[in-house]
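The values are calculated or read from the model by the stated rules, or taken from the named source; none is laboratory data. These numbers were taken from a predicted model, which means no experiment stands behind them. Cβ coordinates were reconstructed from backbone atoms using ideal geometry, including for glycine residues, and neighbour counts include every protein chain displayed. Remember, those area values only see protein heavy atoms, side chains included, never the ligands or the DNA or RNA. Shrake-Rupley method; radii C 1.70, N 1.55, O 1.52, S 1.80 Å.
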Amino acid sequence: AITADRFPQQRTRLVIPFGALLWSVATIFSGKAKSFSSLLVTRMLVGVGEGAFGPIGPVILSEIADDRWRARILAFYSVTAPLGASIGYLAGTALSKRFSSWRAPFFIAGGVGIFLAVLCAAVPTSNPTANQVSSPSLRSSRAVQHEDEEEEEDRDDLQPNLADNRKVDSIRKKFTQQLLDVVTNLDWLCVTASMTLTSAVLGPLAHWMPTILSRAFELTTDEASKRVGILTVLTGIGGSLSGGVVADLAVTTQSISQPYTLPAALYLIISAPFAVLLALCNSLRIACLALGVAQVFIFASFAPLNLMIIRTASHANRSLSQGLTICFLHIFGDAPAMWLFGVISDSFHHRSFPSPSPSANGLLFSVFLSAIPLLLSGIILLLPPHIRKSYSGRSDQPRNPSSPTPTHDECSSTTS
């Protein structure tokens, strides 16, 4: 994220292809793993490669898209996660059976990734100022900064022993300022907190739902996984695209004062009762229906919230804002929630849940409790807009593509 913000012209030429190449090579070596430790290391490298793309992709898409259909573009981007995961489950199972080896899917996926890395490097680099998101004051401040850097270089020529120390101090100051710009933006804090709570629900549901269905309704593991996979594909596509369309309509018609946060908040609040229904129902059909509806509304919030993060960040910090959000989603969201679901499952065995298998009651109770973070994630987004403006000087009201993105200095002056 930092590299992409510092060198925007190298995003598709270098940063994303390097991440995809690292991901692909690590995936291939995952298939060649001979021990748990070697598999653990390669899977960690897969995460590093994937992390090089996540903070950059939405930013590039938002820059090349017009306001009238920007949310729909990000909705298509959001669809790739559930769609790719579901296809991966199905294709991985089929390839493992076809080649009688669990290693085969890793080799094939890694080969495809290398091809995509090369293809991405050949894509023309988007112009980050194509939509005139850089304000005159930002351009002038960069010019002043450039003049200051030239003066420092001239002084360094006269005092070469101090050159390295000054460069290190300059890098440290710039990075510290970037972090402050992001974490002092209350809009970013609210959206990130909401998405973290949502991730704490969606991640464990994707992981545990096949087990829940197999235990609660006496399905085979393969049958339960197939049902959840198909349902995730359909709800991911339908929910993400619907959320993008509604956000774009709200922007073009100007019918809602907060066209990104308000619909997303309603989606998340509406999804909470269906999580309760999923935990308490004793019918497989109703359980699948409740899971599908909950996922539709959760996925519908992704595009407007990702766009909210990008639109309220200064141009120089957009990828960093996305990267920090992704870190929070995993560190404080789905990672601890996975463990918490398991702890609750092992500790809770009450007959109040209508399940023929007592081993399912703990997981069902975890699903029941997941309604709480869903409600909180929606309520956080309803934080009054004037509070956000008075704190950070920003609003989630979308700007015209010709309107400048505010800099940190402009936001500070507005607050004053």
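Annotations for the structure displayed:
- Residues being among the basic types (Lys, Arg) and either in a helix (DSSP H, G or I) or at pLDDT 95 or above (or both) are entirely absent from the range 46-69.
- In the range 239-263, the residue that is nearest to Ala81 (Cα to Cα) out of those that are of a type outside the set (A, V, I, L, M), in a loop (DSSP other than H, G, I, E, B) and in contact with a helix residue (DSSP H, G or I) (Cβ under 8 Å, 6 or more places away or on another chain) is Tyr260.
- Some residue of the range 74-86 being touching an Asp or Glu at 6+ places or on another chain (Cβ under 6 Å) and open to solvent by 50 Å² or more (accessible area, probe 1.4 Å): no
- Annotation note: Cβ proximity below 7 Å between a residue of the range 309-320 that is β-branched (Val, Ile, Thr) and open to solvent by less than 10 Å² (accessible area, probe 1.4 Å) and a residue that is modelled with pLDDT of 85 or more and not in a helix (DSSP H, G or I) (sequence gap 6+ or interchain) occurs for Thr312/Asn185.
Let's see how each residue does on (1) more than 15 Å from the chain's Cα centre (by Cα); (2) open to solvent by 80 Å² or more (accessible area, probe 1.4 Å); (3) over 22 Å from Ala300 (Cβ atoms):
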residue: Gly19; (1), (2), (3): yes, no, yes
residue: Ser30; (1), (2), (3): yes, no, yes
residue: Ser37; (1), (2), (3): yes, no, yes
residue: Leu40; (1), (2), (3): yes, yes, yes
residue: Arg43; (1), (2), (3): yes, yes, yes
residue: Pro58; (1), (2), (3): no, no, no
residue: Ala71; (1), (2), (3): no, no, no
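- Qualifying residue in the range 322-331 (condition: of a type in the set (Val, Ile, Thr), open to solvent by 10 Å² or more (accessible area, probe 1.4 Å) and in contact with a helix residue (DSSP H, G or I) (Cβ under 6 Å, 6 or more places away or on another chain)): no
- Hits in the range 262-305 (condition: of a type in the set (S, T, N, Q) and at pLDDT 90 or above): Ser271, Gln295, Ser301
- Residue check for Ser359: in a helix (DSSP H, G or I), farther than 25 Å from Gly239 by Cα and at pLDDT below 85: yes
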